[in-house]
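Asker: Below you will find the structure I want to go over with you.
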Amino acid sequence: MKRKIMLVTFIVGTGVAGTAAAERLIVNSYGGPYEDIIRSRIIEPFEKEFGVKVVYDAVGSASQDYAKIKATRGRPGFDVVVMTASQSLDGCRDGLLERFSPEIVPNIAKLNPEISAIAGTCGAVHEVQYLSLLWRKDKLATAPVSWSALFDEELKGKVILPTFQNIMAAYLMQIMSVTNGGDLMDNVDPGFEAMGRLARQSMGFEQSSSIMENYLKEGEVWAMPFWNGRAQLLVDSGLPVDYVRPKEGTIPLVATLNVPIGARNKDMAYRFVNFFLEKSSQEAWVTGYNVGTARTDIEVPDAVRARQITTEADLKTLLLPDLSGLAAKLPEWGARWEREVIAAAR
């Protein structure tokens, strides 16, 4: 009898331990202000609703995270990862990310289909930023409304540009192409010509967004292209800056939630993705992190709507490149950037 009791205790004990281990979700994303916001707006409410412990792994950029997924053949040690549409497409192609469907993640069906299509079936779009024109209010007399403002004489030597290793560079070139009579993919000659002229206007190039930001903070740079979410953080910090979605249009940065094929707690990972896409969660995220959304039925203050992509009308103003086609073009464009843009700055 004693042996039987011990055996039952062992089985129950290991069963409880197994359940506890199963209810531990590892989410990989970013640090800094992002971590504080995602914890308070998304993770803590999720933990409370589902009784799960979320371990937050704030290590790596989107490209570094995908490199880890690829190196480990889909078993990177985290269950959910925040990346971008580009990595979502790569992960689907490489068979390293799980595919989503409304059966698995019901709230996928609530997202704008055109934006969802950009990320493919392996990416759940939880955030939409856009390339904005960020400027110093204490340096420019008139608020810019157009990308052409970057070419104004008063900004000579006061503009900084991204290197081609930063996807902002390719996006800005594509925007300049469309603005000057070309298109996003096949006829980009006008874009490279415009970027060559802008290179002569600039003080130089930087790969890191944080370094570009520092030049602006110190007053050495008066205007530059920048993701609007980070631009809003600078506005909120009290820095004398503002940003605009220029009248010619802009290209979005589509952020995604992804689940690696080797995720250990896959069922809870799907629940987390679906929770993040809930109407109330998207409202909390949009107002907390100051970004846009692919879910257009959310209710947010007018001040937020004025800045962010939150409606079908907003989404229709975006220039939407084919990211798979873009990936194929990047090596050729990168070489051309060195020949025609970097060379023009010398």
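Asker: Report whether or not Met203 is in contact (Cβ under 8 Å) with a residue 40 or more places away in the chain and touching a Pro at 6+ places or on another chain (Cβ under 7 Å).
Answerer: no
Asker: Here's a follow-up. Looking at the range 23-39 only, could you name the residues that are assigned to a helix (DSSP H, G or I) and either modelled with pLDDT of 95 or more or of a type in the set (Lys, Arg) (or both)?
Answerer: Ile38, Arg39
Asker: For the range 290-307: of the residues being buried (at least 19 other Cβ atoms within 10 Å of the Cβ) and in contact with a helix residue (DSSP H, G or I) (Cβ under 6 Å, 6 or more places away or on another chain), which is modelled with the lowest pLDDT?
Answerer: My answer is Asn290.
Asker: A further question follows. What are the pairs, 6+ residues apart or on separate chains, where a residue within the range 301-328 that is of a type in the set (D, E, K, R) has its Cβ under 8 Å from a residue that is at pLDDT 90 or above and in a helix (DSSP H, G or I)?
Answerer: Cβ pairs passing all conditions: Arg307/Asn228; Arg307/Gln232.
Asker: Now for a separate question. Being over 24 Å from Lys266 (Cα atoms) and touching a residue at least 40 places away in the same chain (Cβ under 8 Å) narrows it down to one of Glu127, Glu114, so name that one.
Answerer: Glu114
Asker: Here's something else I'd like to know. Could you list, in sequence order, the residues of the range 135-178 that are of a type in the set (A, V, I, L, M) and farther than 22 Å from Gly191 by Cβ?
Answerer: Those that are of a type in the set (A, V, I, L, M) and farther than 22 Å from Gly191 by Cβ: Leu140, Ala141, Ala143.
Asker: List, please: which pairs have Cβ atoms under 7 Å, are six or more places apart or on different chains, and start with a residue in the range 78-103 that is over 17 Å from Ala328 (Cβ atoms) and end with one that is in a loop (DSSP other than H, G, I, E, B) and of a type in the set (S, T, N, Q)?
Answerer: If the second residue must be in a loop (DSSP other than H, G, I, E, B) and of a type in the set (S, T, N, Q), the pairs left are Asp79/Asn265; Val82/Ser29; Arg99/Thr121; Phe100/Thr121.
Asker: A follow-up question, please. Report, by residue number, each residue of the range 222-232 that is farther than 20 Å from Thr84 by Cα and open to solvent by 10 Å² or more (accessible area, probe 1.4 Å).
Answerer: Selection gives Trp222 alone.
Asker: Still on this model: Would you mention how many residues in the range 233-263 are small (Gly, Ala, Ser), over 15 Å from the mean Cα position of the chain (by Cα) and either surrounded by 18 or more Cβ atoms within 10 Å (Cβ to Cβ) or under 30 Å from Gly91 (Cα atoms) (or both)?
Answerer: 3
Asker: Something else about it: Given the residues Arg339, Arg295, Arg271, which is the only one that is closer than 30 Å to Val235 by Cα and basic (Lys, Arg)?
Answerer: Arg295
Asker: If I filter the range 80-120 down to residues being among the hydroxyl-bearing types (Ser, Thr, Tyr) and closer than 16 Å to Asp322 by Cβ, which single residue comes out as least open to solvent (accessible area, probe 1.4 Å)?
Answerer: Ser88
Asker: Need the failing condition index for Gly219 against (1) of a type outside the set (Ser, Thr, Tyr); (2) at pLDDT 95 or above; (3) touching a helix residue (DSSP H, G or I) at 6+ places or on another chain (Cβ under 9 Å), just the number.
Answerer: Unmet condition: (3).
Asker: Then there is this: Kindly provide the set of residues from the range 155-171 that are farther than 28 Å from Ser61 by Cα and free of Cβ contacts under 8 Å to residues at least 60 places away in the same chain, ordered by number.
Answerer: Scanning the range 155-171 gives Lys156, Gly157.
Asker: A follow-up question, please. Out of Pro106, Pro102, Pro76, Pro113, report the one residue that is touching a Pro at 6+ places or on another chain (Cβ under 7 Å) and on the phi < 0 side of the Ramachandran plot.
Answerer: Result: Pro76 is the single residue among Pro106, Pro102, Pro76, Pro113 that is touching a Pro at 6+ places or on another chain (Cβ under 7 Å) and on the phi < 0 side of the Ramachandran plot.
Asker: Filtering the range 40-74 down to residues that are at pLDDT 95 or above, among the β-branched types (Val, Ile, Thr) and in a loop (DSSP other than H, G, I, E, B), which residue is least open to solvent (accessible area, probe 1.4 Å)?
Answerer: Result: Val52.
Asker: Where in the range 124-221 are there strands (runs of 3 or more DSSP E), lying fully within it, with 1 or more residues that are surrounded by fewer than 20 Cβ atoms within 10 Å (Cβ to Cβ) and more than 21 Å from the chain's Cα centre (by Cα)?
Answerer: Counting at least 1 such residues, we get 124-136, 202-206.
The values are calculated or read from the model by the stated rules, or taken from the named source; none is laboratory data. Predicted model, so just to flag it, every value in this text is computed and none were measured. Glycine also receives a Cβ, built like all others from the backbone with ideal geometry; neighbour counts cover every protein chain displayed. Side chains are part of the model used for accessible areas, which takes the heavy atoms of the whole protein and leaves out ligands, DNA and RNA. Shrake-Rupley method; radii C 1.70, N 1.55, O 1.52, S 1.80 Å.
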